[in-house]
Amino acid sequence: MPPQAPPRLSYLASKRSFLTVSLSHICLWIFILPCAILQNMNKRNYRKELDRIIQKRGRRAPRVLLHSCCGPCSSAVLEYLTQYFDVTLLWYNPNIYPREEFDRRFRAQAELIEKMGLGDRVSVLAEPWKSEDYYARIKGLEAEPEGGRRCAECFRLRLLETARLAKHYGFDYFCTTLTVSRHKNAELINTLGEEIGRAAGVSWLPSDFKKRDGENRSVELSEQYGIYRQLYCGCEFSLRRRENAAAEHPIG
């Protein structure tokens, strides 16, 4: 039987293996960290881009057509934008289901504008319930998860209409309240807005209204004015998802 290696050699061999693994991890992090830092540096800050537009505006308040997804989300956005822009609010939300919920949310939107004292400063363009627009747009995507491609097409549908009307009525910019929610992808919404704006020939107003405590401010304002706050995003699929979750985890 050949002699066994002395314990010291075994220890050195395992130590060398440990050093090899550790060095490989160090090399990996040396590569990953600069990439992550660079990616973060290249990430756009849409709120700061909006700041720069505001700083460069002239004496005339630029006209912006603001798509509103609901009264509560619009509250903090209106409070901020009306300081610097001539705002017209667009109510176009064919995704909202059912019809009774659509009507209730529109009443909450109108009530908010009045209670905030903006009735003589913010005009409203309101479109009727057009659920057929929504279902035609998301056909084939009904089984998509919340936050997936169906939601992206819902954003696109509403921004397309906002851009069309903004171009038709000669607005300087178009925008949406959607970015005030932490549940909405601000980067996706801004990317869609820019793409649609270029095609329509009207400028997109970049935003990330959740920044600087925007979402919390919208909650505060909604509570202050007693505005109805819905329990689901709006579409039939988000309603079903909430109902199923409530059935699985009943209260009491």
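Quick notes
- At full extension, L188 and S123 could sit 20.6 nm farther apart than now, given 0.36 nm per residue minus the alpha carbon distance.
- Mean Cα-pair separation over length for the stretch 49-243, i.e. relative contact order, pairs under 8 Å, 6 or more apart, %: 30 percent
- For the stretch 49-243, Kirkwood radius (reciprocal of mean inverse C-alpha pair distance, Å): 16.8 Å
- Segment E132-E243, length gained on full extension (0.36 nm per residue, minus Cα span): 37.6 nm
- Cα-based reach from K184 at 22 Å (exclusive), listing lysines while leaving out same-chain residues under 8 positions away: K43, K48, K139, K210, K211
Since every read-out is calculated from the coordinates, none of them should be taken as a lab result. Everything quoted here is computed from the prediction, not taken from an experiment.
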